[in-house]
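Step one of this worksheet: look at the structure below.
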């Protein structure tokens, strides 16, 4: 039997700690989803099949503030586009085919790609191991914790009475906070908040959120 | 089909299609620097907009209520580098407290 190398151990450790941490977000998602009026079954299907945290939060966020399903799907998809770019990055490293490629696509998310890229110095084997262990680990814990959060919120009843209606925007704030790494990011975040609130009385629910994507387009696509 | 189910199925289908897209297009596709840059900014604006709307909107009206206090506490907790679960629970507790005191 070959001994597990130090490199492999560090990959396993990284994957596991990321998977468990993400579980906490799963509880928040399950609770938010049920508080927004989705059933426990619908919440679990979102975690099993959509399996992309920010997109799932966006759908329940938009629909709970009165947006249509289409507005929810559009917002979730704008957020899901980054997974396409992760797939583009991971595809030449994973070199998968057939069914395994379909599975790889399903677990292509922030965390699996992040851990894979962080193992770059240990070589492509470690990158592949990090991707699969994190992807499957997050999948397991994300779904278990979604179920727990959804059942918990179901038992609670009135969301406002338990603070769930504030826990949801706090969760969004927690998701965006680590992404604000430059003054430009922070300016953009404040501008998006202001624009969404200014448009809220004017546009049907959900559209004020989608409209802020134009801010990102205007800043991101300009010449540098 | 209810709007909720439509949202669940539509989001799931679109999410998987987007994931698979990355494995199916040529490597130089989508890798333009401006596309990459815009892509890092999209989550920032959408998540920020969701924070604002979820805190201050009731349908199409703006309101400052118990949720605002929860968000203030969440912001302070994040400033002090509190972990995600602590941020969410503190915001929830604060909001619930204000809700019941009013």
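The values are calculated or read from the model by the stated rules, or taken from the named source; none is laboratory data. Treat the numbers as computed from the prediction; the structure is a model and nothing was measured. Every residue, glycine among them, receives a Cβ derived from its backbone with ideal geometry; neighbour counts consider all protein chains shown.
Working only within the stretch A:192-224, note down all residues that are more than 7 Å from chain B (Cβ to nearest Cβ), on the phi < 0 side of the Ramachandran plot and within 22 Å of the chain's Cα centre (by Cα).
Of everything in the stretch A:192-224, those that are more than 7 Å from chain B (Cβ to nearest Cβ), on the phi < 0 side of the Ramachandran plot and within 22 Å of the chain's Cα centre (by Cα) turn out to be A:207, A:210, A:211, A:214.
When only residues in the stretch A:55-70 that are in contact with a helix residue (DSSP H, G or I) (Cβ under 6 Å, 6 or more places away or on another chain) and surrounded by fewer than 24 Cβ atoms within 10 Å (Cβ to Cβ) count, which is modelled with the lowest pLDDT?
Taking the candidates together, the pick is A:65.
If you take the residues of the stretch B:74-89 that are more than 8 Å from every other protein chain (Cβ to nearest Cβ) and in a helix (DSSP H, G or I), which of them is surrounded by the fewest Cβ atoms within 10 Å (Cβ to Cβ)?
Of everything passing the filter in the stretch B:74-89, B:79 is surrounded by the fewest Cβ atoms within 10 Å (Cβ to Cβ).
Please state which of the following conditions residue A:127 fails to meet, knowing it meets all the rest: (1) at pLDDT below 95; (2) at the interface with another protein chain (Cβ under 9 Å from one of its Cβ atoms); (3) at negative phi.
With respect to (1) at pLDDT below 95; (2) at the interface with another protein chain (Cβ under 9 Å from one of its Cβ atoms); (3) at negative phi, residue A:127 is out only on (2).
Which one of A:65, A:84, A:52, A:77 is at the interface with chain B (Cβ under 7 Å from one of its Cβ atoms) and in contact with a strand residue (DSSP E or B) (Cβ under 7 Å, 6 or more places away or on another chain)?
Matching residue, one of A:65, A:84, A:52, A:77: A:65.
Mind checking which pairs have a first residue in the stretch B:16-38 that is at the interface with chain A (Cβ under 8 Å from one of its Cβ atoms) and a second that is outside any helix (DSSP H, G or I) and surrounded by 14 or more Cβ atoms within 10 Å (Cβ to Cβ), Cβ under 6 Å, 6 or more apart or different chains?
Listed pairs, sorted by first residue: B:19/A:108.
Could you tell me whether the stretch A:156-165 includes any residue that is crowded, with 16+ Cβ neighbours inside 10 Å and either more than 9 Å from chain B (Cβ to nearest Cβ) or closer than 19 Å to residue A:50 by Cβ (or both)?
So far as the stretch A:156-165 goes, yes, one or more of its residues are crowded, with 16+ Cβ neighbours inside 10 Å and either more than 9 Å from chain B (Cβ to nearest Cβ) or closer than 19 Å to residue A:50 by Cβ (or both).
Please go through the stretch B:1-44 and pick out each residue that is over 20 Å from the mean Cα position of the chain (by Cα), buried (at least 17 other Cβ atoms within 10 Å of the Cβ) and under 16 Å from residue A:113 (Cα atoms).
B:20, B:21, B:22, B:23 - these are the residues of the stretch B:1-44 that are over 20 Å from the mean Cα position of the chain (by Cα), buried (at least 17 other Cβ atoms within 10 Å of the Cβ) and under 16 Å from residue A:113 (Cα atoms).
Which of the following residues is modelled with pLDDT of 90 or more and either on the phi < 0 side of the Ramachandran plot or in a helix (DSSP H, G or I) (or both): A:16, A:48, A:20? Full working, then the answer.
Values: A:16 fails: modelled with pLDDT of 90 or more; A:20 fails: modelled with pLDDT of 90 or more.
Answer to the selection: A:48.
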